[in-house]
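First up is the structure itself, then whatever we jot down about it.
Please treat every number below as a calculation from the coordinates, not as lab data. If you're wondering where the values come from, they're calculated on a predicted model, not measured in any experiment. No Cβ is skipped: glycine too gets one built from the backbone with ideal geometry, and neighbour counts run over all protein chains shown.
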Amino acid sequence: MRNTVITLTLNPAIDETVQIDDFASGKVNRVINSSRYPGGKGINVAVFLADYSLNVISAGFLGKTNDAIFNSMFKLKGIMDKCFRIDGSTRIGIKIIDQVKSETTDINYPGITPADKDIKNLYDAIEDFSKKHKWFVFSGSIPSGLSSDIYCDLIRIIKKNKGFVLLDTSGDAFRNAVESGPYLIKPNIDELSEYAGMELTSVEEIIKAGRKFFNYGIKIVIISMGEKGALFLNNEYSISAVPPSGINVVSTVGAGDAMVSGALCALVHKISFPDLTRMATAFSMSAVMSIELGLSDRNLIAEYMKEVKLEYLDY
């Protein structure tokens, strides 16, 4: 049970993915195909982990009126459902995928705000989970009405009970939570630049900014940079991991969530840090080559790992 992973999604969504090639605003656009699936960053992570045969518990909030799609997915993937049902409907997120331009346009509806009793229930649940489980993933935005300190508070609860948190969020939620010392963080380059208060351009600048997080007790920093791959930092290594050229990028939806999932799988299986960078990148490769969420074939991850190019940096 200590290897069971808890993913927390405070602001889930029902994601409707619509493929429109040569998408143009202000004009009539023709839909090539579409799909609807349960989403939210923590939900996405749960799917990737379950596809890699990890035991996963999904926690967080879901609207009572439209949770059927989540119920079906949890059952299909073998994910243990510990989400609280709250009044209202889970928000809708529309993702317009343009394969011709290799672009994804997001249209996000606002989320629902949990009541005080719902928040108390969540705190109690995390406290209980932290006494039994070791690994936690906090991913995604915080719905309006909740304090931006909530991740910070929950991380402290988990650390008190010797657990580890992987954090993937942005804005004030990120700024407040890093000071509580999660085990791993994964800002993208824009989020890191925002946090640093300046545009980070050179690799040396990016690594220098990333390493400052170690002052908070953070052990691993992953800085995702889109098609340029990602930088992986710990107290021993600075590694650039880049996928091979020529990948058929179908959709970037969930690529960052996949990277977090791959890093966590590596941590759970206690593999080396260089191989963690390969596994995280391989998960992300799998995500971008399919329009469907999740791993199309977990057996391909080992092959993708061999194709990842690593560069060991001196700063």
query = Where in the stretch 10-42 is the amide nitrogen less than 18 Å from a point lying 7 Å along the Cα-to-Cβ axis of residue 81?
reply = 10-15, 36-42
note = The lysines whose Cα lies under 18 Å from the Cα of residue 309, excluding any fewer than 8 residues away in the same chain, are 228
Those aspartates and glutamates that a straight Cα-Cα span of less than 13 Å connects to residue 117, excepting residues fewer than 8 apart in one chain = 87
note = The farthest towards the positive end of the charge dipole of the chain, of the residues 65, 119, 252, given +1 on Cβ of Lys and Arg and -1 on Cβ of Asp and Glu, is 119
query = Which whole-number percent is the relative contact order of the stretch 5-312 (Cα, under 8 Å, 6+ apart)?
reply = 15
query = Points 7 angstrom from Cα along the Cβ direction at residue 290 and residue 228: gap in nanometres?
reply = 2.9
request  = For n ≥ 4 DSSP H runs only, could you compute -39500 (n - 2.57) per run for the chain, divide by its residues and tell me the 222 nm figure to the nearest 500?
outcome  = -10500 deg cm²/dmol
inquiry  = Spelling out what I want: for every residue of the stretch 293-305, take phi, set θ = phi - 60°, compute 6.51 cos²θ - 1.76 cosθ + 1.60 (Karplus), and round to whole Hz; glycine and proline get x.
reply    = 6, x, 8, 5, 7, 4, 5, 7, 4, 4, 5, 4, 4
ask   = Please identify the trypsin sites (Lys or Arg not before Pro) of the stretch 279-315 that satisfy two criteria: DSSP loop assignment and at most 10 other Cβ atoms within 10 Å. Which are they?
value = none
ask   = With θ set to phi - 60° and the Karplus curve 6.51 cos²θ - 1.76 cosθ + 1.60, what are the ³J(HN,Hα) couplings of the stretch 9-22 in order, to the nearest whole Hz, using x for Gly and Pro?
value = 10, 7, 9, x, 8, 9, 8, 9, 9, 10, 8, 9, 7, 6
ask   = Out of 223, 173, 200, whose Cα points farthest toward the positive end of the dipole of the stretch 165-253 (charges: +1 Lys, Arg; -1 Asp, Glu; placed on Cβ)?
value = 223
Placed amide H near residue 92: partners under 5 Å, 5+ positions off or other chain = 14, 109
note = In the structure shown, of 77/120; 27/101; 134/219; 131/162; 77/306; 120/160, the pairs separated by more than 20 angstrom at the C-alpha atoms are 77/120; 77/306
request  = Could you pull out which residues in the stretch 71-111 have an amide N less than 14 Å from a spot 7 Å beyond the Cα of residue 128, following the Cα-Cβ vector?
outcome  = 81-85
key: Given charges at beta-carbon only (K, R positive; D, E negative), |dipole| of the chain in Debye   = 1040
remark   = Any trypsin sites (Lys or Arg not before Pro) in the stretch 20-117 that lie in a DSSP loop and have at most 14 other Cβ atoms within 10 Å would be 27, 30, 101
query = If you keep only loop residues by DSSP, which GluC sites (Glu not before Pro) in the stretch 194-223 have at most 15 other Cβ atoms within 10 Å of their Cβ?
reply = 199
request  = Kindly put 45, 288, 31 in sequence by how many other C-beta atoms sit within 10 Å of each C-beta, fewest to most.
outcome  = 31, 288, 45
query = Got a sec to turn the phi values of the stretch 197-202 into Karplus ³J(HN,Hα) couplings, 6.51 cos²θ - 1.76 cosθ + 1.60 with θ = phi - 60°, whole Hz, x for Gly and Pro?
reply = x, 7, 6, 8, 10, 7
ask   = Which lysines does residue 75 reach when only Cα atoms under 21 Å apart count, and residues fewer than 8 places away in its own chain are ignored?
value = 41, 64
task = Express in whole angstrom the spacing between the alpha-carbon centres of the stretch 1-25 and the stretch 207-276.
result = 19
query = Under the classification rounded if a/c is under 1.5, otherwise prolate if a/b is larger than b/c and oblate if not, where does the chain fall, given a ≥ b ≥ c as square roots of the Cα gyration tensor eigenvalues?
reply = rounded
task = Report the charge-dipole magnitude of the stretch 1-122 in Debye, nearest 20, computed about the Cα centre from +1 at each Lys and Arg Cβ and -1 at each Asp and Glu Cβ.
result = 340
